[in-house]
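Structure first, commentary second.
What follows is calculated from the coordinates using simple rules that are stated; it is not laboratory data. Just so it is clear, the structure is predicted and the values come from calculations on it, not from any experiment. Please note: Cβ atoms are built from the backbone with ideal geometry, for glycine as well, and neighbour counts cover all protein chains shown.
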Amino acid sequence: MRATNFRTEAIAGVTTFLTMSYIIFVQPAVLSTDFMGRPTGLDFGAVLLATCLASGLASIAMGLWANYPIALAPGMGENFFFVSVILTLGAAGVVEPWRVALGIVFVAGVIFLVLSIVGVREAIINAVSPSMRYAIAVGIGLFIAFIGLRNAGIIVGSPGTLVSINPQLASADVAVFGIGLLTAAMLQIRGVRGSILGGIAAATAFALLLGKIHYTGFVGLPHIGTPALLRLDIGAALRPQWLPLVAVFLFMNIFDTVGTVIGVSQQAGLMVDGKLPRAGRVLVVDAAATVAGACLGTSTVVTYIESVAGVSAGGRTGVTAIVTGSLFLVALLFSPLVGMVGNYLPITAPAFIIVGSMMMSNAGKIDWDDLSEGVPAFLTLVGIPLAYSIADGLALGFVSYPVLKMLSGKGRQVGVVSYIVAVFLVGYFLFVRSRL
């Protein structure tokens, strides 16, 4: 028996929602425009609808079937990689690349679901070393933070140095970003729940005061120009040249889920003899959520580490996740507010900085003493932001890792899956990417 009651679980559910609800504002803004602010083809309202539905239904399913206080939503990191994939597909001449990208997410989710059902997920987990997993998190964190600084108007393009600090920092955009960042950071340092959401609220209020955004109402359903529901292109996603992208989505989903579930469950005291009861159900729900999310029109749905906030508030059962999921569904009624906030990038930019800074803690976990681990990890974490592409940064690491292991006489430490992925990536760069 887990010592708890409904009131405690409900409070924990609200706490979890407040801590992770920033994704409602961030996800539509990220997926509807690329890294240069150009439309990706995905409609802002369609992504908002998919985000709330996927998060709500997945969290409720986690609570009902797995009975854990773990909430789910589209992952920060996976969403940026999703945009990278759209750009890669577009550069390859794919028509409506966002539909193919959704198809790739769907295929990865189906594979994860099958692996979770048949119980061979350990082979995939072991395919990438811990150092590489940590490096991926750091690289994505740096990339997210870089995009946040660009969206805020702090970092701008420069012909001589590629990028530089904006010489005109005395602007309304920078001021809105600064208010949001300082508020979010202060609340985070003080341990206040929903710190990122608090930063967004402060930035929104200041942007209204400066006239950068205008009140459009709070209540209303999303306005959808181009529907995304069931618009995924699975056939195109199954073409051989895109299989490495499927593999990356699969790896990211598995690692995010396993790490988050272990962390949250350990914090809640739900581990039994070092193992998590009903772990298979948790993984199945996560995988099914990604499949459903792709059908709805959003990127990979993952378990959220912010669930720890609810656990810290006393959440111990699935009721916490059910309450959180229900609040995501209710949030659909406030789409005008989400649109007002999400369409002005300096408001959501502080969220990128805070999330990016939290992901940097993984750098200390990389095995820097073993250069066969450290060098591929370094190439990954610097390649992602410098190449301005998560896909290309991951490719640097996934190709160099097995090669360096072989050259150092440690080839047997690498699983066969890593070699297969490396061969796919080399073929992609030689025969596909070189022709773009």
For the range 1-73, take the convex hull of the Cα atoms, compute a quarter of its surface area, and give me that in nm², please. 5.7
Helices from the chain with mean Kyte-Doolittle at least 1.0 and a Cα length along the axis of 30 Å or more, per DSSP H: which? 97-118, 130-152, 243-268
Once you charge only the Cβ atoms, +1 for Lys and Arg and -1 for Asp and Glu, what is the size of the charge dipole of the range 35-170 about its Cα centre, to the nearest 20 debye? 140
What order do you get for Asp367, Asp286, Asp173 when you list them from fewest to most C-beta neighbours inside 10 Å? Asp367, Asp173, Asp286
Hey, what's the per residue convex hull volume over the C-alpha atoms of the range 141-285, in cubic angstrom? 253
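Over the range 6-435, what relative contact order in percent results from Cα pairs under 8 Å that are six or more residues apart? Each step should come with its number before you reach the end.
Values: 815 pairs, mean separation 149.1, N = 430.
Contact order relative to length: 35 percent.
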Two decimals is fine: what is log10 I(q)/I(0) at q = 0.11, 0.23, 0.24 Å⁻¹ for the range 316-422, from a Debye sum with one equal scatterer on every Cα and no solvent? -0.62, -1.20, -1.27
Quote the charge dipole size of the range 6-435 about the Cα centre in Debye, to the nearest 20; the model charges only the Cβ of Lys and Arg (+1) and of Asp and Glu (-1). 200
Of the candidates Ala422, Pro167, Leu181, the farthest towards the positive dipole end of the chain (Lys/Arg Cβ +1, Asp/Glu Cβ -1, centred on the Cα centre) is Ala422
Where N is the number of residues in the range 54-100, Cα Rg divided by 2.2 N^0.38 Å: 1.62
More than 34 Å apart - percent of Cα-Cα pairs taken over the chain: 28
Placing +1 on each Lys and Arg Cβ and -1 on each Asp and Glu Cβ in the chain, then taking the dipole about the Cα centre, the residue among Tyr68, Val291, Ala237 whose Cα reaches farthest towards the positive end is Tyr68
What is the sum of charges around Ile23, taking Lys and Arg as +1, Asp and Glu as -1, for the other residues whose C-beta is under 14 Å from the C-beta of Ile23? -3
Report, in deg cm²/dmol and to the nearest 500, the calculated mean residue ellipticity at 222 nm for the chain, where each DSSP H run with n ≥ 4 adds -39500 (n - 2.57) and the sum is divided by the residue count. -21000 deg cm²/dmol
Please give the Cα centre distance for the range 60-81 versus the range 16-50, rounded to the nearest Å. 17
